[in-house]
Amino acid sequence: MDEKNFKSGFAVLAGLPNAGKSTLLNNLAGGLLSPVTNKPQTTRQNILAIADGDDYQVVFVDTPGFLKAQYKLQQTMVGCIDRAVREDADLVIFLVDATADYALNAPLVEKLKTVFCPIFLAINKIDLVQDVAVLDALEARIKADLKIEKTFRISAANGTGTDELKQAVIASMPNSPAYFPPGQWTDRWERFYAAEFIREQIFKLYQKEVPYSTFVEIEKFTEDLGPKNYIRANIHVERESQKPILIGKGGSAIAELRKRAQKRIEEFLGRKYRLELNVVVSPNWRNDTKSLEEFGYIVRDEK
């Protein structure tokens, strides 16, 4: 490694829920590191995906979708965004959904005005907009709000424009040694991703409020035991009435969840696992500081 010419840094993805940040992260990093569903607010914590080459290492940071916090869990999600864009970033990629109402971005735009690093604008879902004039007007409106270093029109879902974005991100990174060893693709343990992929399938299988009321806790994780590889996970819900919904009639719903989650985990980890799921009622855990801290969230009181 020629450290004098090596580029390394952190590129933070910021945007509203369902703007496509997780899809873009997976596209840029070349893997399925972040859970992707058609429901907003799937990501709850910052997820790092490391892309490296002979002369660069970019740490892409997927943040939760920016929202107005209504309970303590969402306060921790907003805190993740604040720390990422203000403390961690060498570059912010502001991802805007071309099909959504841009005015909803106003609170996030105010936060982005306070960052000291360059901001790239990525206008996403351009494949769903037929009139180029609509994209031109959106870009002009955003540039009136923020100092934008470079603009990219992309479709994270089909890859349009994402390679150009990635190359520009690499070029913008500061000269620096790598932050992580070559070949490392994330800073998270495998058990974190096992929990994330179980939760991803909960979002895909269940409706309304139930997915948002769940937390997945990995109670046991054994590996390198061949056919005896085993994961036992507790799915925490807030109310007794949610437990039978997750389990389903005769256990049919949780059996389908287990099958799908196990397949996703095995594809990601590259080895077979036996997955066991239990449903636990933890009343009001999303708004309980002690529960949130036990589950690994950083809780900061709002001032």
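The label point for PHE221 and the one for PHE180, both projected 7 Å from the Cα toward the Cβ, are 1.4 nm apart. Backbone amide hydrogens, once placed in the peptide plane, bring VAL281 within less than 5 Å of VAL237, excluding anything fewer than 5 places away on its chain.
In the neighborhood of LYS147, defined by Cβ-to-Cβ distances under 15 Å, what is the net charge if each Lys or Arg adds +1 and each Asp or Glu adds -1? Computed value for this residue: +1. Compute the Cα gyration tensor for region 119-179, then decide on rounded, prolate or oblate, letting a ≥ b ≥ c be the square roots of its eigenvalues: rounded whenever a/c is under 1.5, prolate when a/b is larger than b/c in the other cases, and oblate in all that remain. Since a/c reaches 1.5 but b/c is at least a/b, the shape of region 119-179 is classed as oblate.
Pairs exceeding a 22 Å alpha-carbon distance, out of LYS166/LYS204; LYS113/LYS290; LYS259/LYS290; LYS208/LYS263; LYS7/LYS147; LYS204/LYS249: LYS166/LYS204; LYS113/LYS290; LYS259/LYS290; LYS208/LYS263; LYS7/LYS147. If R0 is 51 Å, the Cβ-Cβ spacing of THR289 and VAL132 corresponds to a FRET efficiency of close to 0.55.
Protection proxy ranking of 101-114, 5-18, 155-168, by the mean of other Cβ atoms within 10 Å over each peptide's residues and highest first, is 5-18, 155-168, 101-114.
Within 10 Å of each candidate Cβ there may be at most 14 other Cβ atoms; applying that plus a DSSP loop requirement, which trypsin sites (Lys or Arg not before Pro) in region 208-239 survive? Walk me through the numbers before you get to the answer.
Values: sites: LYS208, LYS220, LYS228, ARG232, ARG239; in loops: LYS208, ARG239.
Of the trypsin sites (Lys or Arg not before Pro), the ones in loops of region 208-239 whose Cβ has at most 14 other Cβ atoms within 10 Å are LYS208, ARG239.
Report note on the peptides 140-148, 191-199: ranked by the mean count of other C-beta atoms within 10 Å, highest first, their order is 191-199, 140-148.
Please find the FRET efficiency linking THR114 to ARG141, where r is the Cβ-Cβ separation and R0 is fixed at 22 Å, and quote it to the nearest 0.05. List each step's numbers first, then the result.
Working: r = 20 Å, r/R0 = 0.90.
It comes to 0.65.
Shape of region 218-282 from the C-alpha gyration tensor: prolate (a/c of 1.5 or more and a/b above b/c, with a ≥ b ≥ c the square roots of its eigenvalues). Extending 7 Å from the Cα toward the beta-carbon at both GLN167 and THR99 defines two label points whose distance is 2.8 nm.
We did not get these values from a lab; they are worked out from the coordinates using the rules stated. Since the model is a prediction, treat every value here as computed from it, not as a measurement. A quick note on method: Cβ atoms are made from the backbone with ideal geometry, for glycine too, and the neighbour counts reach across all protein chains shown.
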